[in-house]
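Engineer: One structure, pasted below without further comment.
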């Protein structure tokens, strides 16, 4: 499966992505000039000096911006080290409160923690499964550049798309003039027109130009849209999920107000909803409806923040344009760590909003099978042999579930869209809420995309989004202490 926004997702082909792009650029850029200048019968004739200089200048900008988009580091979070060589803790670091927030009031919100990096995860950062680290303001992992489109690489990626599309449009105009000339001379004898080889080459170039222009035009549109609204592809996915949650809540309200609905399944579902929400239902629903996307500061401020400067003249310069860089001199503060918000939410750091379905499952004792696993794990009357046997059983079940998830990812199966529709209990292996009994559901947007399709490590992301109280509501000093212990164990 291939996406026009993020490219093909088949594993094992990453080594041919960048060479394939280079071959495609070289074919359209230089074979077209050879064709235009080699066949004198291909009207309106060879390229003029002005056309040659303009086209090759665009190609030079294209090649340079593509090189920069592939080689600029997407960013890495560096945490201060203690005198002993380990991470800083509350006692040794002069500024230990590494809050990934915009203001001090956001300390009321628990810090996000990445278990694979064994470090706090700042806001708007995600763990990339390809780069194997947390990426600041991750948009998606682009296979065509071999790196993540992030806070540091976004300006170079945007310039590459811009110059590539302009070069494609210019080439399209040159091709269109020759196609019109051939059509105007269609009634002349064939020997008076271009050769068969020139016609085949012109047709191949036209098809390649049209397909590439369509794909990169869509990618340029989505990139400019995210640039203007200060959002990433991942955050657009989160916005769509939040809107789907609100739509489902409103549908539940409509079902409660419909007195003519005598369906037994609908009544059973409404009963579950009332039991879940309880007396706090109105407050929770009102809170979810009031959470707005916080990073839209206005189109000019959004564009200046993404490009790292408020000077529009530098935004599109291929050589001296530059871009923002993460500030690791003062971890927890500055560029890449703090993000200005528009103030529409009561408190900063509320995005992404919580998922009521995960809260529902947590209130019921976790996802299907979790309660039984806890009972088996904490049975005080088990013997040592029984504890070992239960552990081996759980290990085998975890391995089977892991293989099942990897198989789904390899085959690009989007999973059940259980948050958008009520399936009911019809004996097909689903519970009353439409969830698989074996594993958690994987929500997909309207395009069928999951976070996995953008390069995000979903295992880590699920840990962050749906972690229990034991893992999520932990003071930041305790999280840093755990990171120090993990690092010392690895060193030992």
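Engineer: Got a sec? How would 344, 316 order by Cβ neighbour count within 10 Å, fewest to most? Please list the in-between numbers first.
Structural biologist: Details: 344 12, 316 15.
Ordered from fewest to most neighbouring Cβ atoms within 10 Å, 344, 316 come out as 344, 316.
Engineer: Could I ask something else about it? What is the order of 347, 400, fewest Cβ neighbours within 10 Å to most? Walk me through the numbers on the way to the answer.
Structural biologist: Working: 347 14, 400 11.
Fewest to most other Cβ atoms nearby, the residues stand as 400, 347.
Engineer: What percent do you get for the relative contact order of the stretch 152-247 when only Cα pairs under 8 Å and 6+ apart count?
Structural biologist: Across the stretch 152-247, relative contact order equals 43 percent.
Engineer: A further question on this structure: Could you tell me, in Å, what Rg and Dmax come out for the Cα atoms of the stretch 167-213?
Structural biologist: For the stretch 167-213, the Cα radius of gyration and maximum Cα-Cα distance read 11.5, 34 Å.
Engineer: Taking 0.36 nm per residue of sequence separation and subtracting the Cα-Cα distance, how much length would be gained by fully extending the chain between residue 407 and residue 395, in nm to one decimal? Don't jump to the answer; show the numbers that get you there.
Structural biologist: Values: separation 12, 0.36 × 12 = 4.32 nm, distance 1.83 nm.
Answer, rounded to one decimal: 2.5 nm.
Engineer: Which order do 130, 140 fall in if you start with the one that has the fewest other Cβ atoms within 10 Å? Walk me through the numbers on the way to the answer.
Structural biologist: Working: 130 17, 140 27.
The fewest-first ordering by Cβ neighbours comes to 130, 140.
Engineer: Classify the stretch 123-217: rounded, prolate or oblate, from the alpha-carbon gyration tensor (a ≥ b ≥ c, eigenvalue square roots; a/c under 1.5 rounded; otherwise prolate if a/b is larger than b/c)? Each step should come with its number before you reach the end.
Structural biologist: Working: a/c = 5.72, a/b = 3.56, b/c = 1.61.
Taking the square roots of the gyration eigenvalues as a ≥ b ≥ c, the stretch 123-217 is prolate.
Engineer: Still on this model: Spin-label point model (7 Å from Cα, Cβ direction): what's the residue 300 to residue 60 distance in nm?
Structural biologist: Inter-label distance under the simple model: 3.3 nm.
Computed from the coordinates by the stated procedures, all read-outs in this text should not be read as laboratory data. Because the structure is predicted, anything quoted here is derived from the model rather than measured. Methodologically, a virtual Cβ is constructed for each residue, glycine included, from the backbone with ideal geometry; neighbour enumeration extends over all protein chains shown.
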